[in-house]
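Notes follow once the structure below has been shown.
Readers should treat all values here as calculations from the given coordinates under stated rules, not as data from a laboratory. No experiment lies behind these values; they were computed from the predicted model shown. Note that we place each Cβ from the backbone using ideal geometry, even for glycine, and neighbour counts take in every protein chain shown.
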Amino acid sequence: MAAHLPRILQEAGATLPAAIAAAALVGPAQVAARILEFSFMRHVQPLTSAQVASLAHPVGAGILLAAGAPAAPVFTIAHGAGNGVMTIANGTLPLYLFGSGGYGMRQGLLLMPARFLQAGAPFVFDLLLSRIGTGALAVSAAFGVASFLALALLRVWTHPR
């Protein structure tokens with residue numbers, strides 16, 4: 001996403017300067033979300049944090065697709081915030097679910113498929129962007145919604161009522 005962010009925002013109707021200005025909000029949004037995670041959400045279960053983070057990009061993408069260029073900062077802040085919290089959740093969620101025994105090995109096994117997919121993601125996203133324009137955001141948002149649903153199932157399986 002980062003490699004194509006200004007282009008996505010331009011496809012949504014933003015000028016190049018506006019797209020670059022909005023894209024510059026991703027980093028501060030990541031940091032701000034991590035601070036909020038540490039200060040206000042520290043007592044929230046990691047599963048809940050991961051679910052919230054997984055919906056941030058789809059919500060931002062939906063707003064951008066509906067409102068166009070004026071919503072570019074909203075999208076980049078939502079995307080950055082979700083990304084910032086998800087980096088924390090990637091470390092804390094396996095620890096919460098499985099405990100500390102074999103944590104390093106488990107993390108490696110869990111993250112390996114994601115790293116392989118991330119290697120090809122810029123190329124695939126560029127193809128989508130070239131063929132369907134801002135519709136590529138709907139595809140990436142669908143992955144976020146799928147992640148949310150998988151986490152919801154994980155909640156049901158690990159904490160049945």
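Please report, to one decimal in angstroms, the Kirkwood hydrodynamic radius of the chain built from all distinct Cα-Cα pairs.
Numbers: mean 1/r = 0.0604 Å⁻¹.
16.6 Å is the Kirkwood radius here.
Derived scalar couplings between HN and Hα for region 48-65 equal 5, 4, 5, 5, 4, 4, 5, 8, 4, 5, x, 5, x, 5, x, 5, 5, 5 Hz in order, rounded to whole Hz, by the Karplus curve 6.51 cos²θ - 1.76 cosθ + 1.60 (θ = phi - 60°), x for Gly and Pro.
When the Gaussian network model of the chain links Cα atoms closer than 10 Å, the mean-square fluctuations of HIS79, HIS57, HIS43 top out at HIS43.
Given the Cα-Cα distance of THR158 and ALA3 and 0.36 nm per residue of separation, how much length would full extension add, in nm? Mind showing how you got there, number by number?
Details: separation 155, 0.36 × 155 = 55.80 nm, distance 3.63 nm.
Here the segment from THR158 to ALA3 would lengthen by 52.2 nm.
Pairwise inverse Cα distances across region 1-51, averaged and inverted, put the Kirkwood hydrodynamic radius at 12.6 Å.
Of the chymotrypsin sites (Phe, Trp or Tyr not before Pro) in region 1-99, the ones in a loop by DSSP (not H, G, I, E or B) with at most 11 other beta carbons within 10 Å are PHE40.
Both the radius of gyration and Dmax for region 97-161 are 16.0, 46 Å, in that order, over alpha-carbon atoms.
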